[in-house]
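Down below is the structure, laid out as structure tokens.
Read the figures in this text as sums done on the coordinates, not as results from a lab. No experiment lies behind these values; they were computed from the predicted model shown. So basically every Cβ, Gly included, is an ideal-geometry build from the backbone, and we count neighbours across all protein chains shown.
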Amino acid sequence: MNNRIKFLMFIGTVLCTAFFSEAAPQKIDVKVALDSAYIIMGRQTPLHVEVVGELNENGGIIVPDTLWRDVEVASISDPVVTDLGNGRKLLRQELILQAFDSGLYTLPPVLYVQDETVAQSNRPALKVIPVDVDSMATVHDYADVITPPRHVFDFLPDWMTDYGLWILIALIVIAAGLYIYLAYIRKGKLPLVHTPKPVPPYELAIKQLDELHAAKLCERGEEKEFYTRLTDILRNYLDSRFGINAMEMTSSQILRSLNSNEETRVPKKYMSAILETADFVKFAKVRPLPDDNTAAFRSALQFVEDTKPTPEPESQSADESEPASPKKSNN
């Protein structure tokens, strides 16, 4: 029983010793020093800070922006830590002080805070000497506000001045595209692009009639397709050859237009027979005889041949047109 009590007393003593050793405040010394106790108003002077003790990463100095009235902290250097051994370290840091009012100032202490420990430094005195002003010198007042010269770009919004070059390039591209469209594309031609030579209306109609005949639509029972293509060929021929918008006209309107034209008045009979048969096939669903199909195709060929443009007569040479003058005989 006595041994057990002694053991418990020993454990309690160890725990108390460890507790009080951890709870004991750490010894930290903070010292500050000025390079000079005198400073001219407006100038700067360094304040050297040294902290010695068992320092760790949680510690650091605390300095307000203004130490005392008009003494300000202009900048703070990075801390430099030196290991002194035995768990002790030395921290050096520099504060740049500046004052704009003359007088004698006792600076407040610089505080070093680590965990729950706060250590404070000594309080040095700083005297700020005023600047001598020459009473004979002329003191000028503030200058009046000057209105700067303004240019055209000053009246433009910011987005226009920032992207002015890109806007100018975009306008040039748009103007060039509009010019190309109006000058070339709208007229059906493009620069630097080969435009195929237009086929004359007579040659195009003969070519399309040959292709229709080679398709043999009537032999396959496609009379409606045959007459549709046949009338479309003739309508396009009238449009390109005589300027008659036959694609938008009915059969009776086409015949009236042909009757009013001197070149188509006589061949109108061929077109009349074709349109009459085509209307029966397309709208009345009448199936014509093979002879009717052949007659319609021949009538289309005859109409195109009768309205074929006549070639202009070649002009005879002056020698052929003028008769040779007879030579006078010398009697």
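Quick look at the values:
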item	result
Set of aspartates and glutamates near Lys89 by C-alpha distance (under 14 Å), chain-local residues within fewer than 8 positions excluded	Asp29, Glu50, Glu54, Glu57
Cα centroid of segment 152-181 to Cα centroid of segment 199-218, whole Å	53 Å
Pairs beyond 20 Å (Cα-Cα), from Lys207/Lys308; Lys216/Lys268; Lys216/Lys282; Lys216/Lys308	Lys216/Lys268; Lys216/Lys308
Separation in nanometres of the label points that stand 7 Å from Cα toward Cβ, at Ala295 and Asp162	8.2 nm
Whole-number D in µm²/s for segment 87-182 (Stokes-Einstein; Kirkwood sum over Cα pairs; 10 °C, 1.306 mPa s)	70 µm²/s
Value of D in µm² per second that Stokes-Einstein yields for segment 201-306, Kirkwood Rh from Cα pairs, at 4 °C (1.567 mPa s)	94 µm²/s
Sum of side-chain charges, Thr161 neighbourhood, beta-carbon under 14 Å (Lys, Arg +1; Asp, Glu -1)	-2
Distance between segment 261-306 and segment 52-111 - C-alpha centres, whole angstrom	114 Å
Karplus-derived HN-Hα couplings along segment 96-103 (A = 6.51, B = -1.76, C = 1.60, θ = phi - 60°), whole Hz, x at Gly and Pro	9, 9, 8, 10, 10, 9, 6, x
Principal semi-axes in Å for segment 28-129 [√(5λ), Cα gyration tensor, largest first]	27, 12, 11
Residue-wise HN-Hα coupling along segment 162-179, computed from phi with Karplus coefficients 6.51, -1.76, 1.60 (Hz; x: Gly, Pro)	6, 10, x, 5, 5, 5, 5, 5, 5, 5, 5, 5, 5, 5, 5, x, 5, 5
Per-residue Cβ neighbour rank within 10 angstrom, fewest leading, Phe242, Phe283, Phe297	Phe283, Phe242, Phe297
